[in-house]
Amino acid sequence: MTEDQAVSLKHLPNAVYDRGKTRTNRLEAEAVVADAIKKMKSWINLPEEDRLTLGVITFNTQQQSLIQDLFDEALRENPELEWFFDDDRVEPTVVKNLENVQGDERDVMLFSIANGPSKAGKMSLNFGALNRQGGERRLNVAVTRARQKLVVYVSFLPEQLKVEGTKAQGVHDLKSFLEYAQKGSCTLEAGPAVSKGEMESPFEEAVAAALTANGWQVVPQIGVSGFRIDLGIVHPEHPGTFLAGIECDGATYHRSATARDRDKIREQVLRNLGWELIRVWSPDWWYDKAGAIERIHSELNQLLETSRKQTIIPVIDDSIENESAPESSSHSNEISEQKDTLSEYLRSSTINADLFYKQEYSPSLKEMIEAIIQEEAPIREDVLAQKIARIHGWNRTGKRIRDRVNSFLKEATFTEESTGRFVWNDEGVKEVIDYRTPGPGKDRRPVDEIALAELCGFIIANKTLLSEEDAVLAIAREMGINRLTTRSRQRLQEAIDRAKEIL
């Protein structure tokens with residue numbers, strides 16, 4: 001949980017979507033960039049370690065390109081803000097679309113919907129990727145990229161989105177989410193204990209009655225639209241908030257696999273907003289009511305004990321530099337990555353942030369580090385530390401975390417490059433290696449995070465581009481780099497010079 005208005009909606013009633021030509025919403029794009037620049041101007045006066053990170057998400061590539069161009073214009077007038085876009089940083093400002101945002105997280109995210117009423121006032125239900133199969137998953141990824149704050153920019157109000165005209169689940173979920181963003185966090189987050197309706201089934205009534213008999217205060221139907229929680233359990237020591245949400249899954253839940261898939265997405269969104277969820281299955285309840293009650297009661301008491309510990313132990317080691325506490329004591333490794341050998345290995349690993357600095361955890365940590373190096377080397381050492389931090393649930397990578405990771409690299413092979421030290425795997429250092437093209441759903445790496453040997457591999461494989469008038473720009477475009485910063489240009493020129501020596 002972050003703050004009361006962690007998710008908010010900014011309505012721009014005069015903005016127009018140019019559906020027929022550019023497929024952009026210029027007023028909306030200008031508002032996004034203006035707000036972003038305003039935030040950066042306030043952050044730039046802070047110490048570097050206290051400055052927040054920012055990202056922008058759009059629904060299509062056209063709106064993405066427009067916002068990137070507007071940022072370029074703004075930076076010419078405010079060159080001091082280039083710091084936020086510097087590829088040398090671990091988390092520079094990014095502008096992504098719904099198709100390629102997976103894997104990115106920032107402290108603050110600005111979400112440009114773009115689609116909206118045309119000049120003639122007509123509203124289309126075509127939201128691009130959102131309308132396709134699995135569009136609801138893409139929406140879930142987009143709305144869960146912000147660590148602290150998400151602002152949704154839109155030129156229409158939720159009630160103007162007539163979802164009855166489409167079967168696309170992604171569009172239906174978008175309306176639910178916009179309702180939530182418009183009405184504020186009190187309608188959905190695990191905050192004020194306010195009921196939104198009556199219990200919907202005898203099953204819910206039976207569960208609520210049993211929980212009440214065990215001393216828990218129960219509030220039915222919390223939330224909005226498709227994001228309602230069946231039963232909210234009021235925190236016994238903090239009456240203004242909820243301890244957990246109870247999901248009562250009866251016959252309706254089992255009607256189709258599609259319904260179950262949608263519910264998984266919904267559950268991810270709710271957990272990201274701070275809810276601890278406990279699921280009760282109707283067959284279990286009717287077959288062994290006493291056992292089901294005992295299990296729920298036990299889980300609630302465990303959550304209560306965890307809550308007490310988090311309140312009682314506020315002391316932070318001074319040597320930890322702004323490391324955000326993990327979301328749970330034993331992070332369950334919800335890594336938003338392509339299903340490959342590495343991510344499958346990490347999913348199967350026992351990851352426990354509480355033991356991170358303990359000697360007993362060293363063998364497990366060593367295996368994780370070696371697995372990442374073997375799969376992704378050459379990898380810059382600070383990026384390696386960042387990956388380890390994210391796996392364990394930390395949003396920032398302080399000195400203590402970096403030192404812990406580096407303690408396992410004493411026998412590793414490094415190359416010192418202009419952008420930092422790169423760690424190599426057991427295959428050793430090579431002059432040229434194949435370029436690793438980002439797979440589906442994965443993001444392009446900043447050029448500063450790519451070793452010269454790999455950049456040379458890409459350039460040599462595309463050596464015809466060296467004859468272009470601006471070879472650096474041509475290579476950048478071939479790599480999928482839409483915005484070429486001064487630092488990125490210098491890095492690519494360095495790689496070109498090295499590649500020419502090899503050729």
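Taking all protein chains as they are arranged and a probe of 1.4 Å, the heavy atoms of Phe203 leave approximately 20 Å² accessible to solvent.
With N counted as the residues of segment 1-148, its alpha-carbon radius of gyration over 2.2 N^0.38 Å works out to 1.06. Heavy-atom accessible area with a 1.4 Å probe sorts Arg487, Arg380, largest first, into Arg487, Arg380. Here Asn131 and Glu478 are evaluated by their C-beta separation; at R0 = 41 Å the FRET efficiency comes out at 0.85.
What the Cβ-Cβ distance of Ser407 and Ala213 gives, at R0 = 51 Å and to the nearest 0.05, is a FRET efficiency of 0.45.
Extension gain, His297 to Leu466: 0.36 nm times the residue separation minus the Cα-Cα distance gives 54.1 nm.
Rounded to the nearest 10 square angstrom, Met40 shows an accessible area of 0 square angstrom against a 1.4 Å probe. Between amide H atoms placed 1.01 Å from N, distances below 5 Å from His235 occur with Thr241, Phe242, Leu243, all of them 5 or more places distant or on a separate chain.
Applied to segment 30-44, the Karplus parametrisation 6.51 cos²θ - 1.76 cosθ + 1.60 on θ = phi - 60° returns per-residue 3J(HN,Hα) values of 5, 5, 4, 5, 4, 5, 5, 5, 4, 5, 5, 5, 6, 7, 5 Hz, with x for Gly and Pro. Here's how it looks for Lys96: its modeled amide H is under 5 Å from those of Val56, Ile57, Thr58, which are all 5 or more places away or on a different chain. Computed with a 1.4 Å probe over protein heavy atoms only, the accessible area of Ile372 comes to about 0 Å². Using the alpha-carbon centroid of each, what span in Å lies between segment 480-503 and segment 37-93? Their Cα centres are 22 Å away from one another.
Of Glu49, Glu381, Glu360, which has the most accessible area and how do the rest follow, probe 1.4 Å? Before the final figure, lay out the partial values.
Numbers: Glu49 110, Glu381 40, Glu360 135 Å².
Output order, biggest surface exposure first: Glu360, Glu49, Glu381.
As an exercise, use a Förster radius of 30 Å and the Cβ-Cβ distance of Leu277 and Ser42 to find the FRET efficiency, rounded to the nearest 0.05. Write down the numbers at each step before the final one.
Numbers: r = 36 Å, r/R0 = 1.20.
Plugging the Cβ-Cβ distance into 1/(1 + (r/R0)^6) gives 0.25.
Could you calculate the contour length gain from Ile502 to Arg400, that is, 0.36 nm times the residue separation minus the distance between their Cα atoms, to one decimal place in nm? Each step should come with its number before you reach the end.
On the way: separation 102, 0.36 × 102 = 36.72 nm, distance 3.97 nm.
32.8 nm is the gain from fully extending Ile502 to Arg400.
Filter the cross-link list Lys96/Lys410; Lys358/Lys387; Lys21/Lys96; Lys149/Lys358; Lys21/Lys41 down to pairs whose alpha-carbon distance in this structure exceeds 25 Å. Over 25 Å apart, Cα to Cα: Lys96/Lys410; Lys149/Lys358; Lys21/Lys41.
Keeping every protein chain in place, order Asp448, Asp470 by accessible area at 1.4 Å, biggest value first, i.e. largest first.
Numbers: Asp448 0, Asp470 55 Å².
In descending accessible area the options line up as Asp470, Asp448.
The values are calculated or read from the model by the stated rules, or taken from the named source; none is laboratory data. From a predicted model like this one, the values you see are computed outputs, not experimental measurements. Reconstructed Cβ throughout: ideal geometry from the backbone, glycine too, with neighbour counts over all protein chains shown. SASA here: full protein model, heavy atoms, side chains in, ligands and nucleic acids out. Shrake-Rupley method; radii C 1.70, N 1.55, O 1.52, S 1.80 Å.
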